[in-house]
Amino acid sequence: MRLSGEAFRELSSRRVTLLGMSGVGKTRLSNILRDHEWFHYSVDYRIGTRYLSEPILDNIKREAMSVPFLRKLLRTDSIYISNNITIDNLKPLSTFLGMLGSPELGGMSLPEFKRRQALHLDAEVQAMRDVSQFIEKASDIYGYPHFLNDASGSFCEIDDESIFQAVARDTIVIYIKASEEDEQFLIERAVKSPKPLYYREAFLDESLATYMEEQGIDYVAEIDPEHFISWVFPFLFKARLPRYKRIADTYGYSISARDAFEVQTPEEFVDLIADTLDAHEATKHATGSA
């Protein structure tokens, strides 16, 4: 969706998609907006509650069945297991995605890891395809005039161009771009506190081979799961940057993470987006680009 800043300000129903690596401020902006007539569509939440709900519960039950006391209760339907995924607590989803490596250290085998990665990718694609129907639901059912699509950090790993086209058709696509200083902070934070991640398969295979050669490891079961995530994250981060830039250049606009961080109110958010649209138009006319 392409608009001028003035046209965006005058809209009675604004629809925006936020893109960017985890930690650049998408959810912070969502939290500011959702209490002020903006419907917050969290793709990660949709993935966990709709498309991966059963696999997540199966994973929890599998772990519970390894405990004799719980095993007896489960097999007699004496207890009920549920997960409590919320927009602010996606731990059940990340726990399902899991880590690769030694079972003794909480890791899993490569085939199982890849199976879950594939399930996550499919779920993310489906959740993004749901955006258009949730735009209608937000208005028709819940009465929200404005809609914010909070995309996951792995959005750029989708290879289906039709997904990007649909999102750009229905919303204004905004990429929150981290500065070099921000990038270093996000990398350092991820290295210190490793969390489960999604990797495209070709990237995973190449990175895994390099890691195992560097570490002198012959088998995946010898890998320290958290060490591998800490080691691979900087490479993953750098690999995603050009993918996000291409999406923004083709279908949307870019704002800096610093400018996004300065936003404290819905009005400031609208001003930032409108100013970005105007700046893009000015640059386009100055360069004579289409």
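Computed from the coordinates by the stated procedures, all read-outs in this text should not be read as laboratory data. Predicted, not measured: the structure shown is a model, and the values here were computed from it. A quick note on method: Cβ atoms are made from the backbone with ideal geometry, for glycine too, and the neighbour counts reach across all protein chains shown.
Couple of notes before you dig in:
- Sites matching chymotrypsin sites (Phe, Trp or Tyr not before Pro) across region 138-215 that sit in DSSP coil, with at most 15 neighbouring C-beta atoms within 10 Å: 142
- Across the chain, the mean sequence separation of Cα contacts (distance under 8 Å, 6 or more residues apart), normalised by length, yields a relative contact order of 33 percent.
- Think of region 5-285 as having a plus end and a minus end, set by charges on the Cβ of Lys, Arg, Asp and Glu; of 142, 156, 69, 69 sits farthest toward the positive end of this dipole.
- Each helix, a run of at least 4 DSSP H residues, gives -39500 (n - 2.57); summed and divided by the residues of the chain, these come to -18000 deg cm²/dmol at 222 nm.
- Gain on full extension, evaluated as 0.36 nm per residue between residue 67 and residue 139 minus their Cα-Cα distance, stands at 21.3 nm.
- Computed log10 I(q)/I(0) for the chain at 0.13, 0.15, 0.16 Å⁻¹: -0.96, -1.20, -1.32, from the Debye equation with unit scatterers placed on every C-alpha and solvent omitted.
- Taking other C-beta atoms within 10 Å as the exposure proxy, 49, 95 rank 95, 49 from fewest upward.
- Toward the positive end of the charge dipole of the chain, with +1 on the Cβ of Lys and Arg and -1 on the Cβ of Asp and Glu, the farthest Cα among 111, 273, 23 is that of 111.
- From least to most packed, judged by other beta carbons within 10 angstrom and beginning with the fewest, 66, 256 follow the order 66, 256.
- Residues 110, 33 in ascending order of nearby Cβ atoms (within 10 Å, fewest first): 110, 33.
- Acute angle (nearest 10 degrees) that the helix 266-287 long axis makes with the longest principal axis of the chain, alpha-carbon atoms: 70
- Look at the alpha carbon pairs under 8 Å that are at least 6 residues apart: their mean separation over the length of region 91-220 gives a relative contact order of 33 percent.
- Distance histogram for region 94-244 (every C-alpha pair counted, 10 angstrom bins, percent rounded to whole numbers): 9, 34, 31, 18, 6, 1
- Extension gain from residue 7 to residue 238, taking 0.36 nm per residue of separation minus the Cα-Cα distance: 79.7 nm
- Taking a Cβ cut-off of under 9 Å around residue 20, the surrounding Lys, Arg, Asp and Glu residues balance to a net charge of +2, with basic ones at +1 and acidic ones at -1.
- Theoretical gain in end-to-end length, residue 258 to residue 126 [0.36 nm per residue, Cα-Cα removed]: 44.4 nm
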